[in-house]
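Asker: Got a structure for you, questions after.
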């Protein structure tokens, strides 16, 4: 389920950028307490821009 949700979330982010509500150059705040124990890709991208995170 989580992997399916990621593609939907990426689509929502891209839709918001198309409508000017977000910019892909914005930094995404991810707190360490919000990261699951097994989330190696997320851990590698803490503090990165939205464009980098959704391309991961």
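The values are calculated or read from the model by the stated rules, or taken from the named source; none is laboratory data. Computed from a prediction, not measured in an experiment: that's the story for all the values here. No Cβ is skipped: glycine too gets one built from the backbone with ideal geometry, and neighbour counts run over all protein chains shown.
Asker: List every residue pair whose Cβ atoms lie under 7 Å apart, where the two residues are 6 or more positions apart in sequence or sit on different chains, the first residue falls within the stretch 31-48 and is farther than 14 Å from residue 3 by Cα, and the second residue, located anywhere, is assigned to a helix (DSSP H, G or I).
Answerer: Sorted first by the residue in the stretch 31-48, then by its partner, the pairs are 35/42; 35/43; 45/52; 45/53.
Asker: Filter the stretch 9-30 down to the residues that are in contact with a strand residue (DSSP E or B) (Cβ under 9 Å, 6 or more places away or on another chain) and either closer than 14 Å to residue 55 by Cβ or without any contact (Cβ under 8 Å) to a residue 12 or more places away in the chain (or both) and list them by number.
Answerer: 24, 25, 28, listed by residue number.
Asker: Please state which of the following conditions residue 20 fails to meet, knowing it meets all the rest: (1) at pLDDT 75 or above; (2) outside any loop (DSSP other than H, G, I, E, B); (3) out of contact with any helix residue (DSSP H, G or I) (no Cβ under 7 Å at 6 or more places or on another chain).
Answerer: (2)
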